[in-house]
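These notes are about the structure you will find just below.
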Amino acid sequence: MSDKLRIWAQLPPMPREQLIAAVQRFETAALEGIWCSQTFGAPFGPLSAAAVASNRLKLGTGIALAFVRSPLETACNIMDLDLLSGGRSVLGLGSSAKSLTEDAFGMPYGKPLRHMREVIKFIRLLIAKAHTGELGVLEGEYHRLDLRHFRTFAPPLRTDIPIYVPAVFEKACEMAGEIGDGLLGHPLWNERWIAEKTLPALRRGLDTVSRERGAVTLNLQMFVAVNSDRRAAIEDARPSVAYYSQSPQYLPYFDAIGFGAEARALQECFTRGDLEGMVAACSDAMVESIAIVGSADEVRRRVLERTREADACTPVIPHYALAQDKLDYYTAGIADMFYGGTRTSRALSARF
């Protein structure tokens, strides 16, 4: 764990002038980096634009879907981003949901942990040696890459680009400790899960290969809604917590943190297409356990509790189903608290 908590931000795709202004605000605020996620399109495009609009920020795919493109394409994309940014890229790779990968993208999912290990192995080899012409044939359970006649034009700027693994459950945390450079925590995680499951699993992975804790950066994503009207903050965060809880794959997580009944109810509503029912099934207690909501003082206290053993954090607004005025309001609240704004106190803990 680092002595000082490093702050990251999320950067969604946006028009040119807005993107330039946002990136420059993040850089002026001395954030460590920005993530761009793959909601639909790959994150390499927006991050390439951010690369030429910044000088210091790290630029992370948070996350790029690992199974919807060839490891070669992913490796070439991240090497290009690293070149554009002068060595500031970070590759976050996630498996996402099986239904999205197989149904929407039409690509094989398989066993996600085994598949992810293979993808990361091949990408590391490609980054390090694609310029040498020495790779030959890379053959695994999910991919066969015939590289006997493949060679990039020049060596990469860096032959070892950091790779982050996102996680919900313990096995992915162990894998991050074993083969990753970073662990990107899911915004559904609460304090109990981090203390009882995440940290022990990360330690087991590290111990497997005799690595120190400092070898892996733990960056916690978390929903944050700063609002002196606590009831309004809970209501505004509820749709996002419900939306992110719709996958049956997450039921063991909700059972473990005490919200299995709510998760089953909202997942049944999702199956019927009852979005209002989904939101209604998400209790106040479930919202408050997962999202960090309330006044500036309440949020500050909860953030410090949640990030006690973390190296970095990525506060995100609970954006789902919010009107633009509320999106702007909660974005300003995060900026004021984490980026040195004016609406709330700037005198945060020394960890910030």
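The values are calculated or read from the model by the stated rules, or taken from the named source; none is laboratory data. As the structure is a computational prediction, the values presented were derived from the model and not from experiment. Glycine also receives a Cβ, built like all others from the backbone with ideal geometry; neighbour counts cover every protein chain displayed. To get the accessible areas, we keep the full protein, side chains included, count just its heavy atoms, and leave off ligands, DNA and RNA. Shrake-Rupley method; radii C 1.70, N 1.55, O 1.52, S 1.80 Å.
What is the set of long-range amide H partners of Leu183 at a cut-off below 5 Å, with H atoms built 1.01 Å from backbone N?
Residues meeting the criterion, in which the H sits 1.01 Å from N, are Val165, Thr217, Leu218, Asn219.
Among Ser70, Met278, Ala265, flag the residue with its Cα farthest along the positive direction of the charge dipole of the chain, charges on Cβ as +1 for Lys/Arg and -1 for Asp/Glu.
Ser70
From zero up to wherever the largest Cα-Cα distance of the stretch 212-352 sits, split into 5 Å bins and tell me the percent of pairs in each.
Pairs per bin, as whole percents: 2, 10, 19, 20, 19, 14, 10, 5, 2, 0.
Could you give the length gained by full extension between Glu191 and Lys121, i.e. 0.36 nm per residue of separation minus their alpha carbon distance, to one decimal place?
Computed gain between Glu191 and Lys121 is 22.0 nm.
For the chain, give the percent of accessible area contributed by carbon and sulfur heavy atoms, probe 1.4 Å, rounded to a whole number.
Answer for the chain is 54 percent, counting heavy atoms of protein chains only.
Loop only by DSSP, 11 or fewer other Cβ within 10 Å of the Cβ. Give me the chymotrypsin sites (Phe, Trp or Tyr not before Pro) in the stretch 102-185 that pass, ordered by residue number.
Phe153
Please give the direction-averaged projected area of the C-alpha convex hull for the stretch 139-227, in square nanometres with one decimal.
9.2 nm²
With the dipole of the chain worked out from charges on the C-beta (+1 for Lys and Arg, -1 for Asp and Glu) around the Cα centre, which of Leu157, Ile317, Pro187 lies farthest toward the positive end?
Leu157
When N is the residue count of the stretch 206-246, what does its C-alpha Rg come to as a fraction of 2.2 N^0.38 Å? Kindly include the intermediate steps, with their values, before the conclusion.
On the way: Rg = 17.3 Å, N = 41, 2.2 N^0.38 = 9.0 Å.
Here the answer is 1.92, to two decimals.
Give the calculated FRET efficiency between Asp274 and Glu134 to the nearest 0.05, with a Förster radius of 56 Å applied to their Cβ-Cβ distance.
On the way: r = 56 Å, r/R0 = 1.00.
The calculated FRET efficiency here is 0.50.
I want to verify the translational diffusion coefficient of the stretch 243-301 in µm²/s; compute it with Stokes-Einstein, Rh as the Kirkwood radius over Cα pairs, at 4 °C and 1.567 mPa s. Don't jump to the answer; show the numbers that get you there.
Numbers: Rh = 12.1 Å.
Approximately 108 µm²/s, per Stokes-Einstein.
Show the residues, 5+ positions off or on another chain, whose built amide H is closer than 5 Å to the amide H of Lys58.
Gly33, Ile34
Say R0 is 30 Å: what FRET efficiency, to the nearest 0.05, do Asp255 and Phe105 get from their beta-carbon distance?
Taking R0 as 30 Å, the efficiency between Asp255 and Phe105 is 0.55.
Considering the zone a paramagnetic label at Phe150 would reach in this model (a point 7 Å from Cα along the Cα-to-Cβ line), which residues of the stretch 67-90 have amide N under 17 Å from it?
67-81, by backbone N distance to the label point.
Quick one: if you stick a label point 7 Å off each Cα along the C-beta vector at Ser295 and Asp325, how many nm between them?
Distance between the two pseudo-spin positions: 2.4 nm.
Is the shape of the stretch 77-213 best called rounded, prolate or oblate, per the rule: a/c under 1.5 gives rounded, else a/b larger than b/c gives prolate, else oblate, with a ≥ b ≥ c the square roots of the Cα gyration tensor eigenvalues?
prolate
Could you pull out the trypsin sites (Lys or Arg not before Pro) across the stretch 98-204 that fall in loop regions by DSSP (anything but H, G, I, E, B) with no more than 12 other Cβ atoms inside 10 Å?
Sparse-neighbourhood loop trypsin sites (Lys or Arg not before Pro): Arg148.
Using the Cβ atoms and a cut-off under 15 Å, what net charge is assigned to the surroundings of Arg264, where Lys and Arg are +1 and Asp and Glu are -1?
Residues near Arg264 contribute -3 overall.
Over 25 Å, how big is the tail of the calculated P(r) for the stretch 6-148, in percent of all Cα pairs?
Numbers: 3261 of 10153 pairs.
Counting pairs separated by more than 25 Å, the tail of P(r) holds 32 percent.
So how long is each side of the chain along the principal axes, counting just the alpha-carbon atoms, biggest first, in Å?
That works out to 62, 44, 41 Å along the principal axes.
Where the centroid of each part is defined by its Cα atoms, how far is the stretch 62-81 from the stretch 139-158 in Å?
Value for the Cα centre distance between the two parts: 13 Å.
Once the Cβ-Cβ distance between Glu212 and Glu73 is put in as r, and R0 is 35 Å, what FRET efficiency do you end up with, to the nearest 0.05?
E(calc), rounded to 0.05, equals 0.60.
Taking a probe of 1.4 Å, how large is the accessible area per residue of the chain, in Å²?
Ligands and nucleic acids excluded, the figure is 44 Å² per residue.
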